[in-house]
Amino acid sequence: MGRLFVAAAVVCSLVAAVAAQDSAKDESAEWVARQVRDRNTGRDSRAELRMRLYDRQGRVRERALAMLRLRGEKGKGDRALIRFIYPNDIRNTAFLVWEHPDADDERFLYLPALGRVRRIAGQEKDESFVGSDLSYEDIGGREIADYTYAFTAGNVSWIAPDGTRHPAWLLESRAKDANAEFPRSVSFVLKDKFVITAADVFNRRNERVKHFEVKRLEQVEGIWTALDVVMSNERDGTRTELTTSKIDYNVGLSEQDFSRRQLEGAR
C-alpha cells in the first residue's frame, strides 16, 4: 500500500492547502497514495499503546508497548522504535525500523531472552509481528514505488463506527513483486483528511485474508490520529486490537533515539 498502512495508530491529515493546489486532473490514484504518505504527522511522536490478541476461541492476551517515530528529513527515511513493556514474557522485546527512500528498509528485532538482535530479512516482511495479526511491513511501512495504484469505484463513503458517512476514495494497491504473500489491498481513503480508515488485504489467490478498520479517529494536537484500530485475520479467525492511551507530537526526538544501542535498551 506504499506506506499507507498505519497499524499503530498514527493516521493523520494532510495540510489542506496542498490538496487545494492540485487540480482534479492531478488526482490520480498514485497522487492519493502520495498524499497519504505525506500527510501531516508532526516531526516526531511518542505514544503508549495497548495490544489485545484474540485467538480463534475468543481468548485474549494483553500487551503494553511504547512507540517512538521520527519523520525523515533531507532525503532520509523515517525511523520507528517499538518496545514492549508488559507482560514479563515479552518485556523489553523491541523492534527498530530504518526506512531508506532509495534502498531496502532495515528492520531489527531485539530479543532480550537471547540477548541478541535479529535482522528481519526482506522475505520475512509479510510474517507475523510478535504473534499478532500485523506483519513486520505493516509496522515498518511500504515504499510507494513498490506498488501500482488504481481507483476501484467512483464516489464512495466510509461509514464510521458512529454511523456517519464520509466521502472517500476506494484505492487499490498492487505489489510489483510477484512473490508477495499479500499482493493486493483495497483501502478507504478519506477525501478531506487523506487518512486510511479501512482496508481489505488479499493473498495470491485473490482471497480476502485480512481486514483493517479504524474504530476511533480524533484530532490530537491538531493532527488526525487513529486511536483505536483492529486487524482481523479471516483465514485464522484471529484479530489484533490496538488502542492508543497517550500520544504526544513534536517532542524533540533525534536520530540518536533510534540507534541499535537504544534498541537494546539503553537509557
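Just name the residue that is surrounded by the fewest Cβ atoms within 10 Å (Cβ to Cβ) out of those in segment 194-213 that are not polar (S, T, N, Q) and not in a strand (DSSP E or B).
Looking at residues that are not polar (S, T, N, Q) and not in a strand (DSSP E or B), I get ARG205.
In this structure, does ARG216 turn out to be in a strand (DSSP E or B), among the basic types (Lys, Arg), modelled with pLDDT of 95 or more and farther than 29 Å from GLU62 by Cα? It would help to see each step written out before you state the result.
Values: in a strand (DSSP E or B): yes; among the basic types (Lys, Arg): yes; modelled with pLDDT of 95 or more: yes; farther than 29 Å from GLU62 by Cα: no.
No: the conditions fail for ARG216.
Conditions tested, residue by residue: (1) within 17 Å of ILE139 (Cβ to Cβ); (2) exposed (fewer than 14 other Cβ atoms within 10 Å of the Cβ).
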site	(1), (2)
ARG56	no, yes
ARG59	no, yes
MET67	yes, no
LYS76	no, no
ALA80	yes, no
ASP89	no, yes
LEU96	yes, no
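May I ask you to verify whether ALA80 is among the aliphatic types (A, V, I, L, M) and more than 19 Å from THR243 (Cβ to Cβ)?
In short, no.
Checking the conditions here, which among LEU14, LEU4 is part of a loop (DSSP other than H, G, I, E, B), under 24 Å from ARG83 (Cα atoms) and at pLDDT below 80?
That would be LEU4, the only listed residue that is part of a loop (DSSP other than H, G, I, E, B), under 24 Å from ARG83 (Cα atoms) and at pLDDT below 80.
Looking only at segment 216-251, which residues are under 14 Å from the mean Cα position of the chain (by Cα) and among the polar types (S, T, N, Q)?
Matches in segment 216-251: THR225, THR240, THR243, THR244.
Looking only at segment 236-262, which residues are assigned to a loop (DSSP other than H, G, I, E, B) and surrounded by 17 or more Cβ atoms within 10 Å (Cβ to Cβ)?
LEU253 - this is the single residue of segment 236-262 that is assigned to a loop (DSSP other than H, G, I, E, B) and surrounded by 17 or more Cβ atoms within 10 Å (Cβ to Cβ).
Give the residues of segment 223-267 that are free of Cβ contacts under 8 Å to residues at least 40 places away in the same chain and over 25 Å from LEU111 (Cβ atoms), sorted by residue number.
VAL230, GLU234, ARG235 - these are the residues of segment 223-267 that are free of Cβ contacts under 8 Å to residues at least 40 places away in the same chain and over 25 Å from LEU111 (Cβ atoms).
With a cut-off of at least 1 residues that are modelled with pLDDT of 90 or more and out of contact with any strand residue (DSSP E or B) (no Cβ under 7 Å at 6 or more places or on another chain), name the strands (runs of 3 or more DSSP E) lying wholly within segment 93-165.
Fully inside segment 93-165 and qualifying: 116-119.
Quick one: is GLU127 within 16 Å of the chain's Cα centre (by Cα), surrounded by fewer than 15 Cβ atoms within 10 Å (Cβ to Cβ) and either at negative phi or among the hydrophobic types (A, V, I, L, M, F, W, C) (or both)?
yes
Please go through segment 216-233 and give me each residue that is exposed (fewer than 15 other Cβ atoms within 10 Å of the Cβ) and in contact with a Lys or Arg (Cβ under 6 Å, 6 or more places away or on another chain), ordered by number.
Correct list: empty.
The values are calculated or read from the model by the stated rules, or taken from the named source; none is laboratory data. Model, not experiment: these values are computed from the prediction. Because the Cβ atoms are built from the backbone with ideal geometry, glycine has one as well, and the counts that use them run over all protein chains shown.
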